[in-house]
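Values quoted throughout were computed directly from the atomic coordinates according to the rules given, and no laboratory measurement underlies them. Note that the coordinates shown come from a computational prediction; the quantities given were computed from them, not determined experimentally. So basically every Cβ, Gly included, is an ideal-geometry build from the backbone, and we count neighbours across all protein chains shown.
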């Protein structure tokens, strides 16, 4: 499932390593490295990823593809342990609104066992995509090292 999610994110990735529920991959030129996983209940191309070095700040950045289209007016909440983060995005993908939130999300992921992204579908019904975080910290670190230098 991790490889399927990686293929959806970028064409022809090279595996850096697989760590429990998470994989680290490198793709493209210049290289893009990321950690990625599928939800506990896989479906409809959903995945969560952390880009190892995003944008000019080269920070880690969260990107989540939802399992179904959401109501554009509905808020999206990422829950990691006791922490809650509001995400932004479009009908099928969500991400962190800023660098500070990205840093807080990655820090929270390092100490938690699971995370979930919840919102409303287009019919107004709630849904959530849940992810195991076993191996996430190692995969994020491996992805960061995979594009170092």
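Judged by the mean number of other Cβ atoms found within 10 Å, the most tightly packed of the peptides 82-91, 113-122 leads the ranking 113-122, 82-91.
From the coordinates of this entry, semi-axes √(5λ) of the Cα gyration tensor in Å is computed, and it appears in [x] 38, 19, 13; [y] 27, 20, 14; [z] 23, 16, 15 under the label [z]. Counting beta carbons within 10 Å around each of 95, 22 and listing the fewest first gives the order 95, 22. Please give the Cα centre distance for the stretch 12-68 versus the stretch 123-146, rounded to the nearest Å. Each part's Cα centre sits 8 Å from the other's. Note on residue 121 and residue 20: their simple-model spin labels are 3.0 nm apart, each label 7 Å out from Cα toward Cβ.
Relative to the longest principal axis of the Cα atoms of the chain, the long axis of helix 99-110 lies at roughly 80 degrees. Quick check on the stretch 17-74: take the gyration tensor over C-alpha atoms, sort the square-rooted eigenvalues as a ≥ b ≥ c, and tell me if it's rounded (a/c under 1.5), prolate or oblate. Cα axes put the stretch 17-74 in the oblate bin. What the Cβ-Cβ distance of residue 71 and residue 112 gives, at R0 = 25 Å and to the nearest 0.05, is a FRET efficiency of 0.40.
On a 0 to 90° scale, report how tilted helix 136-146 is relative to the longest principal axis of the chain, with both axes built from alpha carbons and the result rounded to the nearest 10. For helix 136-146, the angle is close to 40 degrees.
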